[in-house]
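Working notes, beginning with the structure itself.
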Amino acid sequence: MKAQESLVSAEGSEIDVTVELRNANDAPVELTTWEYSVIINDRVAYTGSWVASLTLPPNDRMLAELPAFVPASFGDLTGAEWRIGGQLTYRATGKLDRLLYQLGVNHLTTGFGTGGTGISKAAPVAPPKVKAAASESAPAPAPATSK
């Protein structure tokens, strides 16, 4: 998995952490909420929640990006060791499962976690190209006259 800066300011860096999700079941699973922490060099940098709004197909896997904000006091993130972990709330997709979920009876959770070394820098955005001036200048507009 990977972590990448998406925006850098004087206050800190917004990062996106990519995690891989796997559904080993024969039915789709609706992911509802992430509760997670991001740890940089053994210090908690971010703790928060994120609405998942994903359906993971049966016997399949997909990548998801989780956002976090790392304060500038954590310094350069290029070679930092990072970890992300927490709980993912989900629900089964059958009619009875949905009803039980809405009643607050069937809230399923699973733990997740991953980590790595180095947070890549955001790719710089190239400024728009300016068209070169034409080799011949356009005639100046005629001055307005009044009578």
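Tell me, what is the FRET efficiency for S9 and V44 to the nearest 0.05, using R0 = 30 angstrom and their Cβ-Cβ distance as r?
0.90
How far apart, in nanometres, would the label points at T55 and E20 be if each is projected 7 angstrom from Cα along the Cα-to-Cβ direction?
The answer from the label model is 2.5 nm.
With contacts defined as alpha carbon pairs under 8 Å and 6 or more residues apart, what's the relative contact order of segment 2-117 in percent?
It rounds to 29 percent for segment 2-117.
Full extension from M62 to T109: what is 0.36 nm times the residue separation minus their Cα-Cα distance, to one decimal in nm?
15.1 nm
Bear in mind these aren't lab numbers, they're just calculated from the coordinates by the rules spelled out. Note that the structure is predicted; figures quoted are calculated from it, not measured. All Cβ positions, glycine included, derive from the backbone under ideal geometry; neighbour counts span all protein chains shown.
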